[in-house]
1. Going through 39, 45, 21 one at a time, which residue ends up being part of a helix (DSSP H, G or I) and either within 21 Å of residue 187 (Cβ to Cβ) or among the charged types (D, E, K, R) (or both)?
2. Out of curiosity, is residue 258 more than 30 Å from residue 288 (Cβ to Cβ) and under 13 Å from the mean Cα position of the chain (by Cα)?
3. Specify the residue that is nearest to residue 87 (Cα to Cα); the eligible residues are those in region 130-162 that are among the small types (Gly, Ala, Ser) and more than 22 Å from the chain's Cα centre (by Cα).
4. Would you point out which residue out of 165, 205 is out of contact with any strand residue (DSSP E or B) (no Cβ under 9 Å at 6 or more places or on another chain), among the basic types (Lys, Arg) and at pLDDT 90 or above?
5. Quick check on region 261-272. Is at least one of its residues open to solvent by less than 10 Å² (accessible area, probe 1.4 Å), modelled with pLDDT under 95 and of a type in the set (A, V, I, L, M, F, W, C)?
6. Only one of these is modelled with pLDDT under 95 and touching a Lys or Arg at 6+ places or on another chain (Cβ under 7 Å): 216, 210. Name it.
7. When you go through (1) on the phi < 0 side of the Ramachandran plot; (2) out of contact with any Phe, Trp or Tyr (no Cβ under 7 Å at 6 or more places or on another chain) one by one for residue 272, which number turns out not to apply?
Amino acid sequence: MRLSDFDYNLPEERIAQIPLEPRDSSRLLCVDRASGVREHRIFRELPELLRSGDLLVLNETRVSALRLFGERPGTGGQIEVFILRPAIEHGDSVFEALVRPGKKLLPGQRVQFPEVDLEAEALATLDNGGRLLRFLGEDVLEKLVAIGRVPLPPYITAPLTNKERYQTVYAKTPGSAAAPTAGLHFTPELLEKLQAQGVEIARLRLDVGIGTFRPIKTENIAEHVMHTETYAVSEATAMAVNQCSGRVIAVGTTALRALESAGRLADGQGSGERVVAVEGETGIFITPGYAFGAVDGLITNFHQPRSSLLLLVAAFMGYASMRSAYEEALGKGYRFLSFGDAMLAV
């Protein structure tokens, strides 16, 4: 298939600029993968759609990326710093970051943040063109959070007044440059209601990289090189998946990619299990024709045209089913992308 097969017209007014309140008031398009039958529900009605014995797998990564604006010592020239993640293996208060303009912050040079009395030194240039930065001063993390802006996707231009609204309610481990947005629809009360009716909950981590917003540039899909992301599936989560008596439902494309990556390792080891416990990196690129082995269902938002996420959804649902579901969602007034509505495919 060609990249142009995954294009569609997404009007700008259909891109959700602000999240709905409460979180679980978003719409939910339910798609039966076998029959293609579609049903329009509200996200809070999810307990009516799942069964006792089903397993929801959540990505508990937390968005730790921050956008900062500093200045060069002496000149006062502005430098934009986009902190991606902590780099604790290089020491305390060291972070991976993208900087602009990059030529103004070479290794050994510094950038100041006088608003909170912080200074950062560039230690090295990274493979992605970014920098390894060491922040100097006291209470570094608290100060960074105080002055940092939420790194919303480029298609969201409205300001976000509550930074926590771009985190899932179960976000735990820092490391992501973007939120696993399918999880933004859950509330603590909804999770409790699901567990009370016998739906199990398991957690994993996949740190969403900045590459998630980079477009596919090759018309021949097979020529695209997927970005890699750090992920971890614990022994407890692997056991929950392998012993699941119902359906394993990934909450978001990130959870699905982590589970299928762990599933490919299980196949390679000949373990006979759906998945194995693992911690490492994955560059899995899921396109139509992929044989799913770990996941039975997917909760996801509606994605950009020509994106790797849309290809993944087409692989899971079937190309024709994905196209018709998106056409119906557009026709019915659904809200798209990170702060938009959701879809359940089982």
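The values are calculated or read from the model by the stated rules, or taken from the named source; none is laboratory data. Nothing here was measured: the structure is a model prediction, and the numbers come from that model. Please note: Cβ atoms are built from the backbone with ideal geometry, for glycine as well, and neighbour counts cover all protein chains shown. Side chains are part of the model used for accessible areas, which takes the heavy atoms of the whole protein and leaves out ligands, DNA and RNA. Shrake-Rupley method; radii C 1.70, N 1.55, O 1.52, S 1.80 Å.
1. 45
2. Values: more than 30 Å from residue 288 (Cβ to Cβ): no; under 13 Å from the mean Cα position of the chain (by Cα): yes.
When the stated conditions are applied, residue 258 does not pass them.
3. Step one: list which residues in region 130-162 are among the small types (Gly, Ala, Ser), which gives 130, 137, 146, 148, 158.
Still in the running and more than 22 Å from the chain's Cα centre (by Cα): 137, 146.
Values: 137: 17, 146: 20 Å.
Filtering first and then ranking leaves 137.
4. Working: 205 fails: out of contact with any strand residue (DSSP E or B) (no Cβ under 9 Å at 6 or more places or on another chain).
Unique residue meeting the criteria: 165.
5. For region 261-272, residues open to solvent by less than 10 Å² (accessible area, probe 1.4 Å), modelled with pLDDT under 95 and of a type in the set (A, V, I, L, M, F, W, C): present.
6. Details: 210 fails: touching a Lys or Arg at 6+ places or on another chain (Cβ under 7 Å).
Just one listed residue meets the conditions, 216.
7. (1)
Conditions tested, residue by residue: (1) open to solvent by 50 Å² or more (accessible area, probe 1.4 Å); (2) among the small types (Gly, Ala, Ser); (3) outside any loop (DSSP other than H, G, I, E, B).
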residue	(1), (2), (3)
178	no, yes, no
182	no, yes, yes
189	yes, no, yes
198	no, yes, no
202	no, yes, yes
208	no, no, no
211	no, yes, yes
216	no, no, no
237	no, no, yes
